[in-house]
Amino acid sequence: MSHTVVERAGSLALDIDAERLLRRIRELGRIGADPVGGGITRTGFSAADREARAYLMDEARAAGLFPAVDAAGNIVVRRRPTDRPTADGPVVMMGSHLDTVVDGGRLDGAYGVLAALEVLQTVVESGARLRRDCVAVAFANEEGALFPQPFWGSMAVAGRIENLPREPRDHQGRPLREALRLAGGDLDALGSACWPKGSVSAYLELHVEQGPVLERGGSRIGVVDAITGRIVLTLEIRGRAGHSGTTPMEGRRDALCAAARVVLAAEHIAGRRDLCRVATVGRLDPYPNTPNTIAGAVRTTVDLRDTDVWRMADAEAALRAMLDDIAAATGTEIEVVAETRSDPVSTDARLREAIALSADELALPYEELPSGAGHDAQFVAGLAPIGMIFVPSIGGVSHVPQEDTAAEDLVAGARVLLRTVLRTTEREEQL
Ligand code: GLV
Ligand code: MN
Ligand code: MN
């Protein structure tokens with residue numbers, strides 16, 4: 001690896017506007033915030049999400065850039081007005097997501113989107129002539145917290161539409177169709193959101209680590225080498241409702257008792273049996289959810305993760321066998337009504353080197369690490385080489401209101417993104 005980059009580029013003297021980035025992080029972090037606990041609830045396609053999307057588009061327009069919404073609801077910000085994915089030739093794409101989990105943090109996703117906007121704006125304002133154009137993308141519904149289809153937007157961009165449900169509904173059965181329309185998308189035209197092969201030369205995502213590795217190791221920058229695979233099964237458990245005071249224990253078909261066993265089965269599979277790295281039941285929706293009626297039905301999810309596809313397959317097979325046993329033991333029926341799969345992926349070696357070199361030039365200690373969280377990059381990997389940059393998470397926590405990162409690390413991460421983009425756009429053969 002040569003260090004020609006250092007001498008080469010007038011444009012490497014470019015720097016982001018740190019105050020502008022931090023202001024936008026503060027402002028966006030107020031949208032969907034709980035006034036008491038401070039957590040952010042901006043679930044994909046909710047009213048708060050729409051407000052965040054409008055904020056991003058207003059900021060982009062005020063910066064002289066051109067945001068457009070594709071059929072899947074992704075916001076694509078370009079230097080020129082067009083809504084055709086291929087209009088600018090192969091581009092370097094940067095992005096992440098604006099939606100959050102319920103009561104989450106202000107940085108997961110939002111940081112990567114605002115940093116992508118900042119880098120694009122910096123490049124455009126500088127007048128730098130790059131070999132590749134770059135675009136900033138806010139992928140729709142990455143978390144899947146309201147409409148349970150995580151990675152919705154990046155799956156559409158990557159052309160994985162056949163893996164998406166045809167008429168998605170939220171946990172209350174409300175259709176996505178209308179919510180998507182309100183966000184500027186169009187369920188009947190999803191195919192138009194797909195970027196053809198060759199239209200993206202590289203994808204870069206900057207994100208908070210969401211775990212403790214960088215902080216513990218004293219590194220300021222993480223160079224992600226692989227992203228975990230994930231299977232999410234949505235289960236419908238059907239039992240028989242009844243009076244809690246008059247129905248004898250014997251012969252009950254209590255869907256919540258079955259669900260309790262499912263929770264422990266997931267824990268057992270990852271913990272005791274070590275079939276996959278982690279397994280979590282994070283959601284239980286019992287019906288009718290009232291103290292004096294036996295639960296007649298429960299909807300729940302099981303989230304299994306590992307970086308090895310074979311281990312994930314073994315864990316899923318073991319879980320499904322345990323579900324059969326639980327159903328038999330509790331007199332319930334357990335049906336898998338939806339499943340989402342994201343494969344583990346590796347990042348691109350040349351992009352890893354470009355990130356590491358950029359961190360080095362900025363005298364930022366870095367280390368390579370895998371991501372235990374899922375990211376839109378996993379799906380874009382089907383379209384283009386991907387690179388991911390992490391910055392430390394204070395206390396290693398995320399998906400909680402306490403999620404945070406030091407301001408100087410937020411700025412440092414965006415600087416590394418800018419340098420990596422410049423390397424990637426200027427001289428691809430010399431990454
Ligand atoms: C995405 O946020 C995930 O759950 O990993
Ligand atoms: Mn998340
Ligand atoms: Mn995220």
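The values are calculated or read from the model by the stated rules, or taken from the named source; none is laboratory data. The structure displayed is predicted, hence computed values, not measured ones. Virtual Cβ from ideal backbone geometry, glycine too; neighbours counted across all protein chains shown. Only protein heavy atoms, including side chains, enter the accessible area calculation; ligands, DNA and RNA are left aside. Shrake-Rupley method; radii C 1.70, N 1.55, O 1.52, S 1.80 Å.
Results for (1) small (Gly, Ala, Ser); (2) farther than 18 Å from Arg261 by Cβ; (3) without any contact (Cβ under 8 Å) to a residue 12 or more places away in the chain, shown as yes or no for each residue.
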{"residue": "Asp308", "(1), (2), (3)": "no, yes, no"}
{"residue": "Arg311", "(1), (2), (3)": "no, yes, no"}
{"residue": "Ala315", "(1), (2), (3)": "yes, no, no"}
{"residue": "Arg320", "(1), (2), (3)": "no, no, no"}
{"residue": "Asp324", "(1), (2), (3)": "no, no, yes"}
{"residue": "Arg350", "(1), (2), (3)": "no, yes, no"}
{"residue": "Leu357", "(1), (2), (3)": "no, yes, no"}
{"residue": "Leu362", "(1), (2), (3)": "no, yes, no"}
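Can you say whether Val302 is at pLDDT 95 or above and either open to solvent by less than 50 Å² (accessible area, probe 1.4 Å) or of a type in the set (Phe, Trp, Tyr) (or both), as far as the supplied structure shows?
Against the criterion (at pLDDT 95 or above and either open to solvent by less than 50 Å² (accessible area, probe 1.4 Å) or of a type in the set (Phe, Trp, Tyr) (or both)), Val302 qualifies.
What about Ile269, is it part of a helix (DSSP H, G or I), within 22 Å of Ser371 (Cα to Cα), among the aliphatic types (A, V, I, L, M) and open to solvent by less than 10 Å² (accessible area, probe 1.4 Å)?
yes
Looking at Gly73, Gly127, Gly64, Gly153, can you tell me which residue is within 16 Å of ligand 1 (Cβ to nearest atom) and of a type outside the set (A, V, I, L, M)?
Of Gly73, Gly127, Gly64, Gly153, the one residue that is within 16 Å of ligand 1 (Cβ to nearest atom) and of a type outside the set (A, V, I, L, M) is Gly153.
Just one of Val223, Val208 is within 16 Å of ligand 2 (Cβ to nearest atom) and among the aliphatic types (A, V, I, L, M); which is it?
Answer to the check: Val208.
Given the conditions (1) within 20 Å of Ala226 (Cα to Cα); (2) free of Cβ contacts under 8 Å to residues at least 40 places away in the same chain; (3) not basic (Lys, Arg), report the number of the one that Ala279 does not fulfil.
Evaluating Ala279 over (1) within 20 Å of Ala226 (Cα to Cα); (2) free of Cβ contacts under 8 Å to residues at least 40 places away in the same chain; (3) not basic (Lys, Arg) leaves (2) as the failure.
Among the residues of the stretch 151-167, how many are of a type in the set (A, V, I, L, M, F, W, C), part of a loop (DSSP other than H, G, I, E, B) and either touching a residue at least 40 places away in the same chain (Cβ under 8 Å) or open to solvent by less than 10 Å² (accessible area, probe 1.4 Å) (or both)?
2
Please list, ordered by first then second residue, the pairs with beta carbon atoms under 7 Å, 6 or more apart or interchain, first in the stretch 130-149 and farther than 30 Å from Thr300 by Cα, second open to solvent by 10 Å² or more (accessible area, probe 1.4 Å) and among the hydroxyl-bearing types (Ser, Thr, Tyr).
Partner pairs satisfying both residue conditions: Arg132/Ser201.
Give me the strands (runs of 3 or more DSSP E) completely within the stretch 168-255, filtered to those with at least 2 residues that are open to solvent by 60 Å² or more (accessible area, probe 1.4 Å) and within 25 Å of Val135 (Cβ to Cβ), ordered by residue number.
Per the criteria, no element qualifies.
Starting from residues that are surrounded by fewer than 20 Cβ atoms within 10 Å (Cβ to Cβ) and under 23 Å from Ile16 (Cβ atoms), keep the ones in the stretch 384-410 and report whichever is farthest from ligand 3 (Cβ to nearest atom).
Restricting to residues being surrounded by fewer than 20 Cβ atoms within 10 Å (Cβ to Cβ) and under 23 Å from Ile16 (Cβ atoms), the top hit is Glu408.
Examine the stretch 346-357 for a residue that is within 23 Å of Ala18 (Cβ to Cβ), crowded, with 24+ Cβ neighbours inside 10 Å and away from ligand 3 (no atom under 16 Å from the Cβ), and state whether such a residue exists.
yes
If I ask for residues that are open to solvent by 20 Å² or more (accessible area, probe 1.4 Å) and assigned to a helix (DSSP H, G or I), which ones from the stretch 411-430 would you list?
Arg415, Arg419, Glu426, Glu428, Glu429, Gln430
Suppose the filter is farther than 22 Å from Pro90 by Cβ, over 17 Å from the mean Cα position of the chain (by Cα), modelled with pLDDT of 95 or more and in the same structural domain as Ala414 (by TED's automatic domain parsing); does Glu353 pass it?
No, not satisfied.
Sort out which residues of the stretch 226-241 are closer than 30 Å to Thr290 by Cβ and more than 16 Å from ligand 2 (Cβ to nearest atom), and write them in order of number.
Matches in the stretch 226-241: Leu233, Thr234, Leu235, Glu236, Ile237, Arg238, Gly239, Arg240, Ala241.
Identify the single condition in (1) surrounded by fewer than 22 Cβ atoms within 10 Å (Cβ to Cβ); (2) in contact with a helix residue (DSSP H, G or I) (Cβ under 8 Å, 6 or more places away or on another chain) that Thr332 does not satisfy, given that it satisfies every other one.
Result: Thr332 fails condition (1) only.
Could you check the stretch 1-38 and list, in sequence order, the residues that are open to solvent by 60 Å² or more (accessible area, probe 1.4 Å), out of contact with any helix residue (DSSP H, G or I) (no Cβ under 8 Å at 6 or more places or on another chain) and modelled with pLDDT of 55 or more?
Ala13, Glu19, Arg23, Arg26, Arg30, Asp34, Pro35, Val36
Residues of the stretch 358-383 being aliphatic (A, V, I, L, M) and open to solvent by 10 Å² or more (accessible area, probe 1.4 Å), which ones?
Answer for the stretch 358-383, where residues must be aliphatic (A, V, I, L, M) and open to solvent by 10 Å² or more (accessible area, probe 1.4 Å): Leu362, Ala363, Leu364, Ala373, Ala381, Leu383.
List the pairs whose first member sits in the stretch 171-185 and is closer than 25 Å to Leu235 by Cα, whose second member is assigned to a helix (DSSP H, G or I), and whose Cβ atoms are under 6 Å apart, counting only residues at least 6 apart or on separate chains?
Note: pairs meeting the criteria are Arg177/Leu187; Leu180/Leu187.
Does the stretch 232-250 contain any residue that is within 30 Å of Thr405 (Cα to Cα), more than 23 Å from the chain's Cα centre (by Cα) and at pLDDT 95 or above?
No, the stretch 232-250 contains no residue that is within 30 Å of Thr405 (Cα to Cα), more than 23 Å from the chain's Cα centre (by Cα) and at pLDDT 95 or above.
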